[in-house]
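S.K.: Handing you this structure, nothing more for now.
The values are calculated or read from the model by the stated rules, or taken from the named source; none is laboratory data. For clarity, every value in this text was computed on a predicted model and none was experimentally measured. Cβ atoms come from the backbone with ideal geometry, glycine included; neighbour counts cover every protein chain shown. For accessibility, only protein heavy atoms count, side chains too; no ligands or nucleic acids. Shrake-Rupley method; radii C 1.70, N 1.55, O 1.52, S 1.80 Å.
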Amino acid sequence: MDAENHPQGLLPEGVTSPAVLAERLEAHDYLADTGLATACFLALRLHRPLFLEGDAGVGKTSVGHVLAGVLDAPLIRLQCYEGIDASQALYDWDFPRQLLHLRAAEAGGERDPDRLEAELFDRRFLLARPLLAALETTPSVLLIDEVDRADDEFEAFLLEVLSDFTVSIPELGTVRAEVPPVVVVTSNRTREVHDALKRRCYYHWVEHPDFAREVAIVERRVPGASGRLAEQVTSTVQRLRTADLLKPPGVAETLDWTEALVALGTTELEPELASATLGSVLKYREDQERARQQVAGIVQETVAG
Ligand SMILES: Nc1ncnc2c1ncn2[C@@H]1O[C@H](COP(=O)(O)OP(=O)(O)O)[C@@H](O)[C@H]1O
Ligand SMILES: [Mg+2]
């Protein structure tokens, strides 16, 4: 995958349009709409990081996994969290191993401090964290997940790495990616991510799937579900999304709920059962209390419809 000399960018053989890419994604059980398929296509074609923003559970993280599948490349995941810093994302020196080596070298009679130091800061004592691992692995897909959880400083550092795909390690020198990895950055938008980072990327807002697509996702992912059940669950969840909830249910919740119902041997949703299994869909007590009545009503209607 030599991006510069490759007229197709990083697109796999034969992927000549977003529609063809959508078929490949579907072969890996991911059903993308035209907007998302086009975003993935352009990110690969133009070899730019893909920035996916959207509510929790709409299928952002899965895009990283599925692209790795389609490209047949390893997925390297950097999960962001509050307080994450550059060393946790890049590399660490393996201190215990360095110490062992030092003891062994001294026991062997080595006394020259310069020589000892040079030996200790050798590549083999370096632990590659996700960013360095991705620069050293060609081809690879680097998933930088939930970047909105990290702080401003870390974001600025990421921007730097994503701009030149090089990392300089004082004791060793500069590591440059032979071919920069395919990068997928996700954000649940718990805070705004800076324009500079977004500008570096191809940006796409991921919407909840429409009814037909979500039913298809359920049928694909929960093979034991009847078509009727898939439709009822999807329709109920989609209506709950428009309710005033602390955490509106995502596709993940639609799948969880359907799985729970299938595990109970259900082929058709009914109000009492819906209420008893609400924990699969709504994970806040306030949401459950607020929605319980409503769910009964919605289910009543979907059963009738
Ligand atoms: N378009 C889709 N096609 C297939 N599965 C999907 C799709 N969207 C979401 N899912 C499934 O829904 C679940 C949640 O997706 P995930 O990628 O974790 O969401 P997010 O990262 O946006 O919170 C996963 O099991 C994923 O496979
Ligand atoms: Mg996610």
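S.K.: Hey, could you check region 199-212 for residues that are over 16 Å from Thr234 (Cβ atoms), open to solvent by 40 Å² or more (accessible area, probe 1.4 Å) and under 19 Å from the mean Cα position of the chain (by Cα) and say which is farthest from ligand 1 (Cβ to nearest atom)?
M.R.: Arg200
S.K.: Show the residue pairs that are 6+ apart or on different chains and have beta-carbon atoms under 8 Å apart, the first residue being within region 49-60 and touching a residue at least 60 places away in the same chain (Cβ under 8 Å), the second being acidic (Asp, Glu) and in a loop (DSSP other than H, G, I, E, B).
M.R.: Pairs that qualify, where the first residue is touching a residue at least 60 places away in the same chain (Cβ under 8 Å) and the partner is acidic (Asp, Glu) and in a loop (DSSP other than H, G, I, E, B), are Gly54/Glu207; Val58/Glu207.
S.K.: Can you pull out every residue in region 161-181 that is surrounded by 13 or more Cβ atoms within 10 Å (Cβ to Cβ) and in a helix (DSSP H, G or I)?
M.R.: Of everything in region 161-181, those that are surrounded by 13 or more Cβ atoms within 10 Å (Cβ to Cβ) and in a helix (DSSP H, G or I) turn out to be Val161, Leu162.
S.K.: Would you mind finding the one in Ser163, Ser168 that is touching a helix residue (DSSP H, G or I) at 6+ places or on another chain (Cβ under 7 Å) and polar (S, T, N, Q)?
M.R.: Ser163
S.K.: Related question: Examine region 83-93 for a residue that is within 16 Å of ligand 2 (Cβ to nearest atom), in contact (Cβ under 8 Å) with a residue 24 or more places away in the chain and closer than 16 Å to Leu143 by Cα, and state whether such a residue exists.
M.R.: Within region 83-93, one or more residues are within 16 Å of ligand 2 (Cβ to nearest atom), in contact (Cβ under 8 Å) with a residue 24 or more places away in the chain and closer than 16 Å to Leu143 by Cα.
S.K.: A follow-up question, please. Asp55: within 16 Å of ligand 2 (Cβ to nearest atom), closer than 27 Å to Arg191 by Cα and either open to solvent by 40 Å² or more (accessible area, probe 1.4 Å) or aromatic (Phe, Trp, Tyr) (or both), yes or no?
M.R.: Here the answer is yes, as Asp55 does meet what is asked.
S.K.: From Phe95, Phe125, Phe51, grab the single residue that is in contact with a Cys (Cβ under 6 Å, 6 or more places away or on another chain) and hydrophobic (A, V, I, L, M, F, W, C).
M.R.: Being in contact with a Cys (Cβ under 6 Å, 6 or more places away or on another chain) and hydrophobic (A, V, I, L, M, F, W, C) holds for just one of Phe95, Phe125, Phe51, which is Phe51.
S.K.: Could you grab me the full set of residues in region 274-291 that are surrounded by 12 or more Cβ atoms within 10 Å (Cβ to Cβ) and either in contact with a Ser or Thr (Cβ under 6 Å, 6 or more places away or on another chain) or touching a residue at least 24 places away in the same chain (Cβ under 8 Å) (or both)?
M.R.: Ala274, Ser280, Val281, Leu282, Lys283, Tyr284, Asp287, Arg290, Ala291
S.K.: Could I ask something else about it? Which of the numbered conditions does Gln8 fail, given that it passes all the others? Conditions: (1) assigned to a loop (DSSP other than H, G, I, E, B); (2) surrounded by 19 or more Cβ atoms within 10 Å (Cβ to Cβ); (3) not aromatic (Phe, Trp, Tyr).
M.R.: (2)
S.K.: Sticking with this one: Can you find, within region 35-54, the residue that is nearest to the chain's Cα centre (by Cα) among those that are over 17 Å from Lys198 (Cα atoms) and within 12 Å of ligand 1 (Cβ to nearest atom)?
M.R.: Ala37
S.K.: So, in region 247-273, of the ones that are of a type outside the set (D, E, K, R) and over 31 Å from the mean Cα position of the chain (by Cα), which residue ends up most open to solvent (accessible area, probe 1.4 Å)?
M.R.: The residue in question is Thr267.
S.K.: Still on this structure, I have one more. Check off (1) in contact (Cβ under 8 Å) with a residue 40 or more places away in the chain; (2) open to solvent by less than 30 Å² (accessible area, probe 1.4 Å) for Val215 and give me the number that stays unchecked.
M.R.: (1)
Every residue, every condition in (1) within 27 Å of Arg97 (Cβ to Cβ); (2) not assigned by TED's automatic domain parsing to the domain that holds Ser62, yes or no:
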site: Asp114; (1), (2): yes, yes
site: Thr137; (1), (2): yes, no
site: Leu143; (1), (2): no, no
site: Ala156; (1), (2): no, no
site: Leu159; (1), (2): no, no
site: Ser163; (1), (2): no, no
site: Ile169; (1), (2): yes, no
site: Leu172; (1), (2): yes, no
site: Glu178; (1), (2): yes, no
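S.K.: Report yes if Asp244 is at pLDDT below 90 and either within 16 Å of ligand 2 (Cβ to nearest atom) or under 18 Å from Gly54 (Cα atoms) (or both), otherwise no.
M.R.: yes
S.K.: Quick check on this structure: which one of Thr236, Thr258 is within 16 Å of ligand 1 (Cβ to nearest atom) and not in a loop (DSSP other than H, G, I, E, B)?
M.R.: Unique residue meeting the criteria: Thr258.
S.K.: While we're here: Just to verify a result, which residue in region 114-138, among those that are in contact (Cβ under 8 Å) with a residue 40 or more places away in the chain, touching a strand residue (DSSP E or B) at 6+ places or on another chain (Cβ under 7 Å) and not charged (D, E, K, R), is surrounded by the most Cβ atoms within 10 Å (Cβ to Cβ)?
M.R.: Filtering first and then ranking leaves Ala134.
S.K.: Kindly indicate whether Pro223 is part of a loop (DSSP other than H, G, I, E, B), open to solvent by less than 10 Å² (accessible area, probe 1.4 Å) and either within 16 Å of ligand 2 (Cβ to nearest atom) or at pLDDT below 95 (or both).
M.R.: no
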